[in-house]
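This report concerns only the one structure given below.
The values are calculated or read from the model by the stated rules, or taken from the named source; none is laboratory data. What you see is a predicted model, and the numbers here were worked out from it, not measured in a lab. Cβ coordinates were reconstructed from backbone atoms using ideal geometry, including for glycine residues, and neighbour counts include every protein chain displayed.
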Amino acid sequence: MAYYNPFSEKYKSPFGAVCCNTSVHFSIDASELTEATLCTDTLGNFVMHKNKDCFETTITFLSAGLTYYWFYVTDLNGNKFDIKRGEDGIGIRAEKNEDAFQLTVYEETPSLPDWYEKGIVYQIFPDRFNVGGNVIKAKQNAVYREWGEQPKYLRNHYGGIDKWDFYGGNLKGVEEKLPYLKELGITAIYLNPIFESSSNHRYSTADFKKIDNVLGTLEDFKSLVKKADKYGIKLILDGVFNHVGADSLYFNRYGNYGDDGAYRNANSKYRNWFKFENYPDKYKCWWGVSDLPDLEKENEEVQKYLIDGNESVIKYWTSLGIGGWRLDVADELSDNFLSKLYKQVKAINKDAIVMGEVWEDASNKVAYNTLKKYFTHRELDCVMNYPFRDNLLAFFRHDIDAFKLKNTFLSLMENYPKKAFYGNFNLLGTHDTTRILTEAESILPEKPVSLLIQLVALQFVFPGVPCIYYGDEVGVTGGKDPDNRKPYPWGNENKQIFDIYKKYTSLRSALDCLKSGETEFIALNENVFGVRRFNKEQSYTLLINRASENILDIAPHGIKEVLK
């Protein structure tokens, strides 16, 4: 019987991704084999040598990148076959189209700063969090709603947005609520875009170097950075560098920025920042949305303006003391662009982070027929961990069992460099997803809060950095955009749900093993999944039973049942 388990150091040591110039020892059980060869897609084949009841070999991996490998073996009857990766990650006799095993080899990167790796992040959609002072009604062709009203898109007969709705949330409003965020245990705020734009979400940037006037002024921003720092809170800005708004300084389709701009002036300095198929009305844009023309990101002038020019966007805002950047649609940005941006951010502040929006396993992400190098070549510190949310919801919907959930998370842990895995931005909801309480209501309508407790407990015990989407901690509900972007319900918060979040933010803040400890995933049966976090001084185990909505904490100082 040939057996290989990449999750066990008995078979592959060291576990998981490795830095360049690391030697990796491979071993395969061979009680019923006469020969074994380790095959790779990058380095050729290696004859394995028998040592008692196993075949083994050691390979030194010199260059960064992904290596895919498998075993070619001969059994006692002379049959030859491949051993490849089964659905549970364990080696099986390959008779179909099983995948090879993945080994991630990466260039060494800086350690994540403590403020991020050991922190708790809070995501704010600026227009919907809090109004500081008066609402500034400065947008043309906009609808200003009362704070408690339901968000709604006002579309024209072509299906586009006719008018954007605004509530008046602003930077001063965020600053006023810093004491609340501190009480909740927050150490960083991820702000959705704050730069000038005609839209309420501001992913259609009009001017990268201006704060949107309805959010406040540059002085308001500097004040927020300074006050947040006093509370031990960093700001992460949303960098939308793949595209801009058609209504922008750079494109200026509607003439709101004078006579210049790529659309209105064929001789504009911005003309080559965009790709026109038939000037001026047919141009490359994000997912075919004409309001979001794509930037030509490999254009030298675009890169100077955004990244490495004397007064670049990255230099300007990073130098103001922010904690880092979240990069929108990172898969649309080239390796060259990302590596330049990463290097520039680190040159300004080595403790600033660069996070990418990636919805899948980021280690082997393929975009536009190109294998991305996010982790292997110093492009990103971490990514948004959508697989965390997606797989937990699949587990509670009974689409997968605890064994599948465990192996899925083990695979991520195996594929990511350790720093990237422990920097995963663990989310239960964002501005792009259904609210987590609404998901819980759809899965367990009789006891949605019981399910929410399980999800939140896992989020704060799981390796990585937990992020709370504003309002989730007080029971805000909502379906898809724009329903998931309701105003924060100040004065009408769900206290029961707030107490749940406060309990687990406090727990994580109190235990070092939850902030940076080692990890073991547990599957006791198809319904019971768990996570154990531990270091030399502490151990904490959380077990979740989806069949009974039970949680069992095995804490450093004993066992207690939290939910009956």
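Among the residues of the range 276-301, write down those that are under 16 Å from S248 (Cβ atoms) and of a type in the set (K, R).
K284, K297
Criterion first (crowded, with 23+ Cβ neighbours inside 10 Å and free of Cβ contacts under 8 Å to residues at least 60 places away in the same chain) does G429 satisfy it?
yes
Please work out if V329 is crowded, with 21+ Cβ neighbours inside 10 Å and among the hydrophobic types (A, V, I, L, M, F, W, C).
Values: crowded, with 21+ Cβ neighbours inside 10 Å: no; among the hydrophobic types (A, V, I, L, M, F, W, C): yes.
It is false that V329 is crowded, with 21+ Cβ neighbours inside 10 Å and among the hydrophobic types (A, V, I, L, M, F, W, C).
With respect to V461, determine if the residue is in contact (Cβ under 8 Å) with a residue 60 or more places away in the chain and buried (at least 21 other Cβ atoms within 10 Å of the Cβ).
Values: in contact (Cβ under 8 Å) with a residue 60 or more places away in the chain: yes; buried (at least 21 other Cβ atoms within 10 Å of the Cβ): yes.
Taking the combined requirement at face value, the residue satisfies it.
Where residues in the range 441-457 are touching a Phe, Trp or Tyr at 6+ places or on another chain (Cβ under 8 Å) and hydrophobic (A, V, I, L, M, F, W, C), which of them is surrounded by the fewest Cβ atoms within 10 Å (Cβ to Cβ)? Before the answer, list the steps.
Let us first name the residues in the range 441-457 that are touching a Phe, Trp or Tyr at 6+ places or on another chain (Cβ under 8 Å), namely 443-444, 451, 454-457.
Keeping just the survivors that are hydrophobic (A, V, I, L, M, F, W, C) gives 443-444, 451, 455-457.
Values: I443: 16, L444: 18, L451: 24, L455: 21, V456: 23, A457: 22.
Checked the range 441-457; the qualifying residue surrounded by the fewest Cβ atoms within 10 Å (Cβ to Cβ) is I443.
Out of everything in the range 167-182 that is of a type in the set (K, R) and in a helix (DSSP H, G or I), what residue ends up being surrounded by the fewest Cβ atoms within 10 Å (Cβ to Cβ)?
The residue in question is K182.
Do the conditions hold for V143, that is, is it surrounded by 17 or more Cβ atoms within 10 Å (Cβ to Cβ) and in contact (Cβ under 8 Å) with a residue 12 or more places away in the chain?
In short, no.
Check whether at least one residue in the range 458-474 is closer than 17 Å to L393 by Cα, of a type outside the set (V, I, T) and in contact with a Pro (Cβ under 9 Å, 6 or more places away or on another chain), and report yes or no. Reasoning before the result, please.
Pass one, the range 458-474, residues closer than 17 Å to L393 by Cα: 458-462, 466-469, 472.
Narrowing further to those that are of a type outside the set (V, I, T): 458-460, 462, 466-467, 469, 472.
Adding the requirement that they be in contact with a Pro (Cβ under 9 Å, 6 or more places away or on another chain) leaves 459-460.
The answer is yes; a qualifying residue exists.
Considering the range 113-128 alone, what residues qualify as being crowded, with 23+ Cβ neighbours inside 10 Å, more than 14 Å from the chain's Cα centre (by Cα) and either part of a helix (DSSP H, G or I) or aromatic (F, W, Y) (or both)?
Across the range 113-128, the qualifying residues are F125, P126, D127, R128.
Table: residues versus (1) out of contact with any helix residue (DSSP H, G or I) (no Cβ under 7 Å at 6 or more places or on another chain); (2) small (G, A, S); (3) crowded, with 18+ Cβ neighbours inside 10 Å; (4) farther than 24 Å from G429 by Cα.
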| position | (1), (2), (3), (4) |
| --- | --- |
| Q150 | yes, no, no, no |
| L154 | yes, no, no, yes |
| D162 | yes, no, no, yes |
| D165 | yes, no, yes, no |
| E219 | yes, no, no, yes |
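Any residue at all in the range 517-528 that's within 20 Å of K418 (Cα to Cα), free of Cβ contacts under 8 Å to residues at least 40 places away in the same chain and of a type in the set (F, W, Y)?
No, the conditions are met nowhere in the range 517-528.
Checking the structure you have, find out if any residue of the range 59-78 is modelled with pLDDT under 95, aliphatic (A, V, I, L, M), outside the structural domain of F403 (by TED's automatic domain parsing) and more than 30 Å from I400 (Cβ to Cβ).
yes
I'd like to verify a number: residues in the range 129-140 that are surrounded by fewer than 16 Cβ atoms within 10 Å (Cβ to Cβ) and over 30 Å from G255 (Cβ atoms), how many?
1
Any residue at all in the range 84-94 that is in contact with a helix residue (DSSP H, G or I) (Cβ under 8 Å, 6 or more places away or on another chain), aliphatic (A, V, I, L, M) and not in a strand (DSSP E or B)?
Looking through the range 84-94, none of the residues is in contact with a helix residue (DSSP H, G or I) (Cβ under 8 Å, 6 or more places away or on another chain), aliphatic (A, V, I, L, M) and not in a strand (DSSP E or B).
Do we have I211 as in contact with a strand residue (DSSP E or B) (Cβ under 6 Å, 6 or more places away or on another chain), more than 20 Å from S290 (Cα to Cα) and surrounded by 15 or more Cβ atoms within 10 Å (Cβ to Cβ) here?
The answer is no for I211.
Go through the range 274-305 residue by residue and tally those that are in contact with a Lys or Arg (Cβ under 8 Å, 6 or more places away or on another chain) and not in a loop (DSSP other than H, G, I, E, B).
Number of matching residues: 7.
Quick check on E56: is it surrounded by fewer than 16 Cβ atoms within 10 Å (Cβ to Cβ), without any contact (Cβ under 8 Å) to a residue 60 or more places away in the chain and at negative phi?
no
The rows are residues; the columns are (1) of a type in the set (A, V, I, L, M); (2) under 23 Å from the mean Cα position of the chain (by Cα); (3) modelled with pLDDT of 95 or more.
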site: K419; (1), (2), (3): no, yes, yes
site: T434; (1), (2), (3): no, yes, yes
site: L437; (1), (2), (3): yes, yes, yes
site: L444; (1), (2), (3): yes, no, yes
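Can you tell me which of (1) of a type outside the set (A, V, I, L, M, F, W, C); (2) without any contact (Cβ under 8 Å) to a residue 12 or more places away in the chain; (3) buried (at least 22 other Cβ atoms within 10 Å of the Cβ) is the one D399 doesn't meet?
(3)
State whether one or more residues within the range 327-344 are at pLDDT 95 or above, within 17 Å of K209 (Cβ to Cβ) and small (G, A, S).
No; the residues of the range 327-344 include none that is at pLDDT 95 or above, within 17 Å of K209 (Cβ to Cβ) and small (G, A, S).
Just one of (1) within 30 Å of L444 (Cα to Cα); (2) surrounded by 18 or more Cβ atoms within 10 Å (Cβ to Cβ); (3) of a type in the set (A, V, I, L, M, F, W, C); (4) over 18 Å from the mean Cα position of the chain (by Cα) trips up F337, so point out which.
Just one mismatch for F337, condition (1).
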